[in-house]
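Structure, as structure tokens:
The values are calculated or read from the model by the stated rules, or taken from the named source; none is laboratory data. Just so it is clear, the model here is predicted, and its values are computed rather than measured. All Cβ positions, even for glycine, are placed from backbone atoms using ideal geometry, and neighbour counts span all protein chains on display.
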Amino acid sequence: MLDGTGAFVEFDRVQKSYDGETLVVKDLNLSIGKGEFLTMLGPSGSGKTTCLMMLAGFETATHGEIRLQGRGINGIPPHKRGIGMVFQNYALFPHMTVAENLAFPLEVRKVGKAEQESKISRALGMVQMGAFGGRRPAQLSGGQQQRIALARALVFEPELVLMDEPLGALDKQLRETLQFEITRLAHELGITVVYVTHDQTEALTMSDRVAVFDDGRIQQLATPDELYERPENSFVAQFIGENNTLRGKVSAIDGGTCVVALDGGGEIDAVPVNVAKVGDPTLVSIRPERVEIDPQLGPGAHTLDAEVLEFIYMGDVFRTRLRVAGRDDFVVKTRNRAGQTRLAPGDKVRIGWLPADCRALNV
Amino acid sequence: MVLPPYATLGQRIWHYTFLVICGLIFFFLIAPILTIIPLSFNAENFFTFTPGMLALDGDAYSLRHYRDFFQNPDWQQALSNSVRIAPAATLISVGLGTLAAIGLSQGHVPFRRAIMVVLISPMIVPLIISAAGMYFFYSRVGLQGSYLGVVLAHAALGTPFVIITVTATLVGFDRSLTRAAANLGAGPVRTFFKVQMPLILPGVISGGLFAFITSFDEVVVVLFVGSAGQKTLPWQMFIGLREQISPTILAVATILVAVSILLLATVEILRRRSERLRGLSPA
């Protein structure tokens with residue numbers, strides 16, 4: 001499904017520059033399979049929205065080619081691409097009713113009146129807005145408007161739908177409901193979705209694969225669990241989820257494991273990801289929930305001394321901030337289960353982790 | 001405006017003085033227009049209030065000046081000229097002005113400011129200078145003394161109004177709507193007529209109204225560019241004032257005031273309706 005020949009959407013060495021000097025998108029290569037839900041995730045200015053706009057046809061690639069079903073689309077204007085799109089600010093036509101908004105793409109395609117009506121009511125039904133056909137966008141709430149925008153992007157049955165931070169303007173609860181609905185619809189209809197967001201939770205919960213953008217490049221392209229558990233570089237490790245990082249140098253390396261001597265003192269075991277030899281500087285990265293306090297590890301495992309600075313009760317988890325190897329922003333999350341010790345500031349503990357959970361990344 | 005309970009004596013005095021000043025300014029602006037309305041019903045051939053009118057005597061009032069306007073061939077010729085020239089000039093102004101405003105609102109157009117200044121200049125340059133320039137130019141190309149010449153001259157004067165009002169409407173226009181239309185499959189022409197045009201229509205209409213009124217009460221340019229055959233209402237009023245001193249002018253003026261109020265009210269209603277549609281104000 002994801003090999004180069006069978007790709008549904010393909011970016012082939014695409015570059016984009018607005019001013020002819022700085023590249024906003026640098027050498028982008030990406031294949032998206034049919035029916036896949038792919039999210040472009042990244043901080044603002046990372047080039048993710050530019051990529052989406054190039055795919056929609058509102059920006060032209062400075063170099064390289066974008067292909068849709070194997071056909072180059074660089075020379076096709078946006079209105080002939082047949083790609084659905086949901087905009088961040090909904091972009092509903094304010095002078096038309098909801099039904100007229102949905103009829104717009106159908107009229108362009110010269111769909112008959114009766115067929116238009118059945119398609120519109122089906123699309124409105126999909127987003128649970130069946131009763132709102134006669135309203136104007138201004139009479140709807142933000143969440144309702146976004147549902148209509150979604151219905152309008154789906155009503156002409158495109159195979160590819162682009163979404164540009166569609167939930168950015170909504171409150172948290174509504175966002176979660178719509179996240180679920182969008183994923184469900186995408187899978188039911190079998191459409192391919194390219195979704196742009198800067199919200200990592202959204203990216204992880206919705207996507208089949210996530211492309212993490214930074215500085216005009218894809219830093220990592222992987223499934224959500226891979227991205228979270230096996231980040232390939234320190235940017236991805238920091239950007240996705242909460243993460244503890246410690247600076248050090250590789251002091252021993254042996255195939256699947258290495259030992260890192262931390263700058264703040266102490267040694268720990270880690271998995272070498274993109275460090276190659278003894279002496280390489282590295283950032284080791286460990287998730288807060290994988291750290292064990294007073295660990296029962298196998299013989300030869302390294303542990304570190306830590307001092308509790310802060311203990312926060314968060315209901316389902318405890319969040320403890322520690323001073324470790326000279327840094328005082330090391331966070332440990334422990335589940336609130338029966339008998340779990342509650343630490344207090346000033347307590348001295350030993351911490352450790354399974355070498356597999358700790359990754360030695362480039363600086 | 002209500003005075004807060006903690007207002008000092010000085011603030012109270014200023015508050016009422018301010019109201020009086022506002023009233024005086026309002027009077028200064030509106031009184032000359034209001035006076036001509038009763039005067040136009042004068043039964044005599046004078047520009048003044050007769051004792052009978054001041055005594056509210058019914059016989060001192062009549063519609064004779066209105067009858068004169070509708071029966072006198074000179075006035076009828078002028079009216080028909082104005083009614084032919086103003087709409088034609090308005091149509092040209094609206095077409096050119098709207099296109100210019102849309103073009104100039106696109107970010108990639110070079111020298112936008114310079115082009116804008118040139119297009120707006122007929123509004124800024126003293127009318128007599130434009131008129132003299134047009135006279136010499138139109139004489140050369142054989143447009144002087146023709147309907148087409150007057151229409152083109154008035155169109156040039158009206159276009160800046162359309163550009164300004166349409167540009168103002170475009171500032172609030174959400175560019176993602178045209179992108180959405182393109183994404184849904186509409187070509188540029190359909191996008192313009194189905195999405196952009198309906199939303200900027202209030203600006204187009206009020207610009208068109210200004211252009212219409214400019215042409216309808218313009219006297220300087222038409223004196224230069226036109227000839228006796230293109231005598232418009234303002235021209236006839238100008239002649240009437242100089243040569244005949246007939247109160248028919250007052251009747252015409254009253255009719256024009258009424259028409260202007262009607263037009264402005266129409267535009268205001270349209271504007272509110274469109275704002276409601278765009279969700280800018282509650283239904």
Report, by residue number, each residue of the stretch B:166-183 that is in contact with a helix residue (DSSP H, G or I) (Cβ under 8 Å, 6 or more places away or on another chain) and more than 14 Å from chain A (Cβ to nearest Cβ).
B:VAL166, B:THR167, B:ALA168, B:LEU170
A:LYS249 vs (1) part of a strand (DSSP E or B); (2) under 29 Å from the mean Cα position of the chain (by Cα); (3) not assigned by TED's automatic domain parsing to the domain that holds A:GLY42: all pass except (2)
State which residue pairs qualify: first residue on the phi > 0 side of the Ramachandran plot and inside the stretch A:172-199, second residue surrounded by 16 or more Cβ atoms within 10 Å (Cβ to Cβ) and of a type outside the set (S, T, N, Q) in any location, beta carbons under 8 Å apart, and separation of 6 or more residues or different chains.
A:GLY190/A:GLY35
So A:ASP269 clears everything in (1) surrounded by fewer than 18 Cβ atoms within 10 Å (Cβ to Cβ); (2) of a type outside the set (A, V, I, L, M); (3) at negative phi except one condition, right? Which one?
(1)
Would you check if there is a residue in the stretch A:46-55 being in contact (Cβ under 8 Å) with a residue 60 or more places away in the chain, of a type in the set (Gly, Ala, Ser) and more than 13 Å from chain B (Cβ to nearest Cβ)?
yes
Elements of type helices (runs of 4 or more DSSP H) contained in the stretch B:187-250, each with 2 or more residues being more than 19 Å from A:MET96 (Cβ to Cβ) and more than 14 Å from every other protein chain (Cβ to nearest Cβ):
B:197-216, B:220-225, B:233-239
For the stretch A:123-157, what are the residues that are part of a helix (DSSP H, G or I), surrounded by fewer than 18 Cβ atoms within 10 Å (Cβ to Cβ) and not aliphatic (A, V, I, L, M)?
A:GLY125, A:GLY130, A:GLN139, A:GLY142, A:GLY143
Can you tell which of B:LEU91, B:LEU143 is of a type in the set (A, V, I, L, M) and assigned to a loop (DSSP other than H, G, I, E, B)?
B:LEU143
List the residue pairs whose Cβ atoms are under 9 Å apart, where the first residue sits in the stretch A:245-258 and is surrounded by 19 or more Cβ atoms within 10 Å (Cβ to Cβ), the second is outside any strand (DSSP E or B) and of a type in the set (Asp, Glu), and the two are 6 or more positions apart or on different chains.
A:LEU246/A:ASP263; A:GLY248/A:ASP263; A:VAL250/A:ASP280; A:ILE253/A:ASP280
Of the residues that make up the stretch A:18-28, is at least one touching a Leu at 6+ places or on another chain (Cβ under 7 Å), at pLDDT 90 or above and of a type outside the set (Ser, Thr, Tyr)?
no
I'd like to know if the stretch B:147-165 contains one or more residues that are closer than 30 Å to A:HIS95 by Cβ, within 11 Å of chain A (Cβ to nearest Cβ), not acidic (Asp, Glu) and not in a loop (DSSP other than H, G, I, E, B).
no
Which of the following residues is more than 10 Å from chain B (Cβ to nearest Cβ) and either touching a residue at least 24 places away in the same chain (Cβ under 8 Å) or within 30 Å of B:LEU201 (Cβ to Cβ) (or both): A:ALA91, A:ALA99?
A:ALA99
Selected residue (criterion: surrounded by the fewest Cβ atoms within 10 Å (Cβ to Cβ)) from residues of the stretch A:103-122 that are out of contact with any Phe, Trp or Tyr (no Cβ under 9 Å at 6 or more places or on another chain) and within 14 Å of chain B (Cβ to nearest Cβ):
A:LYS110
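Yes/no per residue for (1) aromatic (Phe, Trp, Tyr); (2) in contact with a Leu (Cβ under 9 Å, 6 or more places away or on another chain); (3) buried (at least 17 other Cβ atoms within 10 Å of the Cβ):
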{"residue": "A:ASP316", "(1), (2), (3)": "no, no, no"}
{"residue": "A:ARG319", "(1), (2), (3)": "no, no, no"}
{"residue": "A:VAL324", "(1), (2), (3)": "no, yes, yes"}
{"residue": "A:ARG327", "(1), (2), (3)": "no, yes, no"}
{"residue": "A:ASN336", "(1), (2), (3)": "no, no, no"}
{"residue": "A:GLY339", "(1), (2), (3)": "no, no, no"}
{"residue": "A:ARG342", "(1), (2), (3)": "no, no, no"}
{"residue": "A:PRO345", "(1), (2), (3)": "no, yes, no"}
{"residue": "A:LYS348", "(1), (2), (3)": "no, no, no"}
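Rundown of residues vs (1) modelled with pLDDT of 90 or more; (2) surrounded by 13 or more Cβ atoms within 10 Å (Cβ to Cβ); (3) over 30 Å from B:GLN196 (Cβ atoms), yes/no style:
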residue	(1), (2), (3)
B:GLN76	yes, yes, yes
B:ALA89	yes, yes, no
B:LEU96	yes, yes, no
B:LEU99	yes, yes, no
B:ARG112	no, yes, no
B:VAL118	yes, no, no
Selection from the stretch A:189-218 of residues that are surrounded by fewer than 20 Cβ atoms within 10 Å (Cβ to Cβ), at pLDDT 90 or above and assigned to a helix (DSSP H, G or I)
A:LEU189, A:LEU204, A:THR205
Would you be able to say whether some residue in the stretch A:58-78 is surrounded by fewer than 19 Cβ atoms within 10 Å (Cβ to Cβ) and within 19 Å of A:LEU185 (Cβ to Cβ)?
no
In the stretch B:146-186, anything surrounded by fewer than 17 Cβ atoms within 10 Å (Cβ to Cβ) and either aliphatic (A, V, I, L, M) or closer than 19 Å to B:ILE128 by Cβ (or both) is listed as B:LEU148, B:ALA168, B:VAL171
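When only residues in the stretch A:158-188 that are assigned to a helix (DSSP H, G or I) and β-branched (Val, Ile, Thr) count, which is farthest from B:ALA180 (Cα to Cα)?
A:THR177
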